[in-house]
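Student: Can you read through this structure? Questions will come right after.
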């Protein structure tokens, strides 16, 4: 049984376009909601950022964590062991390697369970994360997604 449950979602208003992420962290009676956004990014990058931002909130290591996402891209990368292949191939032909590397580094310090949930099915936490992500993407004065800019400048996306 997990001692921390995390729900995540990412959104881009246009793809690429302004993007946002939202996450809910639950542990016992504690609940924390986080969100953020970028001026120009993609939906997949925001799905990854939601997981990264949530894991960055966790103090210490060796927690049992269930991360629940409606992103098959995120969940399958771990459950189908895509990430292991990407590392072995030295990240060749992998989109968003900057975020994958950051996420793997954060996740390796915990006992992770990656769970997919169908999106937009009125699951309260998933709907809340979707709201947080879209709200963040809609804000003005969003920062640049430096990783997305670097990928675009290198023309490797």
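Student: Filter the stretch 63-119 down to residues that are free of Cβ contacts under 8 Å to residues at least 40 places away in the same chain and under 13 Å from residue 9 (Cα atoms), then give me how many there are. Outline the logic, then answer.
Tutor: Pass one, the stretch 63-119, residues free of Cβ contacts under 8 Å to residues at least 40 places away in the same chain: 73, 77-94, 97, 101, 104-105, 108.
Among the residues that remain, those that are also under 13 Å from residue 9 (Cα atoms) are: 73.
Of the residues in the stretch 63-119, 1 are free of Cβ contacts under 8 Å to residues at least 40 places away in the same chain and under 13 Å from residue 9 (Cα atoms).
Student: Specify the residue that is surrounded by the most Cβ atoms within 10 Å (Cβ to Cβ); the eligible residues are those in the stretch 1-12 that are farther than 14 Å from residue 127 by Cα and modelled with pLDDT of 95 or more.
Tutor: 12
Student: Which members of the stretch 10-44 meet the condition of being in contact with a strand residue (DSSP E or B) (Cβ under 8 Å, 6 or more places away or on another chain) and part of a loop (DSSP other than H, G, I, E, B)?
Tutor: Selection gives 13, 16, 42.
Student: Looking at the stretch 135-148, which of its residues are closer than 25 Å to residue 76 by Cα and surrounded by fewer than 20 Cβ atoms within 10 Å (Cβ to Cβ)?
Tutor: 147
Student: Identify all residues within the stretch 121-157 that are more than 22 Å from residue 92 (Cβ to Cβ), assigned to a loop (DSSP other than H, G, I, E, B) and free of Cβ contacts under 8 Å to residues at least 40 places away in the same chain; write none if there are none.
Tutor: 121, 122, 123, 140, 141
Student: Step by step: first the residues of the stretch 93-120, then only those that are in a loop (DSSP other than H, G, I, E, B) and in contact with a helix residue (DSSP H, G or I) (Cβ under 8 Å, 6 or more places away or on another chain), then the one that is nearest to residue 145 (Cα to Cα). Which residue is that?
Tutor: Step one: list which residues in the stretch 93-120 are in a loop (DSSP other than H, G, I, E, B), which gives 93-96, 108-110, 117-120.
Imposing the further condition that a residue be in contact with a helix residue (DSSP H, G or I) (Cβ under 8 Å, 6 or more places away or on another chain) reduces the set to 94-96, 110, 117, 119-120.
Working: 94: 18, 95: 15, 96: 12, 110: 27, 117: 27, 119: 25, 120: 26 Å.
Step by step, filter the stretch 93-120, then rank; the result is 96.
Student: Determine whether residue 153 is crowded, with 18+ Cβ neighbours inside 10 Å and either under 16 Å from the mean Cα position of the chain (by Cα) or at pLDDT below 95 (or both).
Tutor: When the stated conditions are applied, residue 153 does not pass them.
Student: If a residue has to be at pLDDT below 95 and either under 15 Å from residue 54 (Cβ atoms) or under 16 Å from the mean Cα position of the chain (by Cα) (or both) to count, how many in the stretch 109-145 make the cut?
Tutor: The total comes to 3.
Student: Looking at the structure I just gave you, is residue 27 farther than 27 Å from residue 154 by Cβ, out of contact with any helix residue (DSSP H, G or I) (no Cβ under 6 Å at 6 or more places or on another chain) and modelled with pLDDT of 95 or more? Before you say what the answer is, go through the steps one by one.
Tutor: Working: farther than 27 Å from residue 154 by Cβ: yes; out of contact with any helix residue (DSSP H, G or I) (no Cβ under 6 Å at 6 or more places or on another chain): yes; modelled with pLDDT of 95 or more: yes.
Yes, satisfied.
The values are calculated or read from the model by the stated rules, or taken from the named source; none is laboratory data. Computed from a predicted structure; not experimentally measured. As a convention, Cβ positions derive from the backbone with ideal geometry for all residues, glycine included, and neighbour counts pool all protein chains shown.
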